[in-house]
Amino acid sequence: MFVFKSIKLLQDHLSENRPKFGKVGFVPTMGALHQGHLDLISASKAKGCYTVCTIYVNPTQFNNTEDFEKYPSTIELDIVKLTQNKCDVLFLPSSTEMYGNHVVADKYNFGAITNSFEGALRLGHFDGVITIVSKLFDAVKPDEVFFGQKDLQQCMVVKHLIGNRFYNIKMNIVPTKRESSGLAMSSRNVRLKDDERALAIRLYEALVFVKHQVLMGVVASEAISIAKAQWLNHPKLTLEYLALVDTNTMEQHEIAGPELHYAVIIACWCSNVRLIDNMLLTD
Ligand code: PAF
């Protein structure tokens, strides 16, 4: 695996190799890689792409300093995992490489897609995500990109960004990788103590319950009230949202239409770790 820290060297390498490989596939990450990330690499390789992964913990998308400072970093191990999974290139930029001396996000407004749920609760988060993803797309110039469904709203934000500015890029959303308990894999899970990990499974159970109730025609708010009482009423759990949304707009709904692009989404603190998860009605 080639490792580059500068955009210039990365681009020189990709211009040399692009003709040989046809397509460049791109997997942006913030490191602390788990099987969910490796599935994104595999999805890119399976489509025959010359695969570039970035590891860059983007400061402008954190609205909480503690979350940024405590974000896990396991770079040596990440490099081993990427090599074992046949990633072709790792791009490891510094903040100066990505932002120069002005580490600030641009402002974006894609309506409810950027302003609801994660956008409302983590002010400026999507400004940071869109800013860095745009810079990375400009640097890598990928043909296909691979994002994990676990960050569903982020996927919709990126889809919108691609539709607005990066028309030639194909977006791939890869299903969430779960532990056998159902807990969605996340880099933040390493911060959960054993008892908290056991509690975190309740987010998955609540999602499964609401999804099935909605599919049976129960109004979302009724299903959600039951799920809250049954799974989320615990002193160590602080629910931020549990809702049925139309994934195209990220607007909340009481019943799902027949078009099938609906999901149940959740954000919940488990002690001092904030977890998000979601389930498409078609999952
Ligand atoms: O999902 C992530 O890890 C980050 O939000 C991303 C897309 C790498 C941008 O920093």
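Only the coordinates and a few stated rules stand behind these numbers; no lab work does. From a predicted model like this one, the values you see are computed outputs, not experimental measurements. Neighbour counts are summed over all protein chains in view; Cβ atoms, including those assigned to glycine, are modelled from backbone coordinates with ideal geometry.
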Looking at segment 185-202 only, could you name the residues that are closer than 22 Å to Thr29 by Cβ and crowded, with 21+ Cβ neighbours inside 10 Å? Ser186, Ala200
Of everything in segment 90-109 that's crowded, with 19+ Cβ neighbours inside 10 Å and of a type outside the set (A, V, I, L, M), which residue is farthest from Phe2 (Cα to Cα)? Tyr108
Looking at segment 16-25, can you tell me whether even one residue there is of a type outside the set (Val, Ile, Thr), closer than 24 Å to Lys159 by Cα and under 18 Å from the mean Cα position of the chain (by Cα)? yes
Apart from one, (1) in contact (Cβ under 8 Å) with a residue 40 or more places away in the chain; (2) not in a helix (DSSP H, G or I) all hold for His37; the odd one out is (2)
Under 8 Å by Cβ, and 6 or more places apart or on different chains, what pairs join a residue from segment 246-263 that is free of Cβ contacts under 8 Å to residues at least 24 places away in the same chain and on the phi > 0 side of the Ramachandran plot with one that is β-branched (Val, Ile, Thr) and assigned to a loop (DSSP other than H, G, I, E, B)? Leu260/Thr282
Restricting attention to segment 63-118, which residues are part of a helix (DSSP H, G or I) and among the hydrophobic types (A, V, I, L, M, F, W, C)? Phe68, Ile75, Leu77, Ile79, Val80, Leu82, Met98, Ala112, Ile113
Within segment 121-138, is even one residue in contact with a Lys or Arg (Cβ under 6 Å, 6 or more places away or on another chain) and within 11 Å of the ligand (Cβ to nearest atom)? no
Identify the residue in segment 134-184 that is in contact (Cβ under 8 Å) with a residue 40 or more places away in the chain and part of a strand (DSSP E or B) and, among all such residues, is surrounded by the fewest Cβ atoms within 10 Å (Cβ to Cβ). Asn172
Can you tell me which of (1) on the phi > 0 side of the Ramachandran plot; (2) in contact (Cβ under 8 Å) with a residue 24 or more places away in the chain; (3) not hydroxyl-bearing (Ser, Thr, Tyr) is the one Val89 doesn't meet? (1)
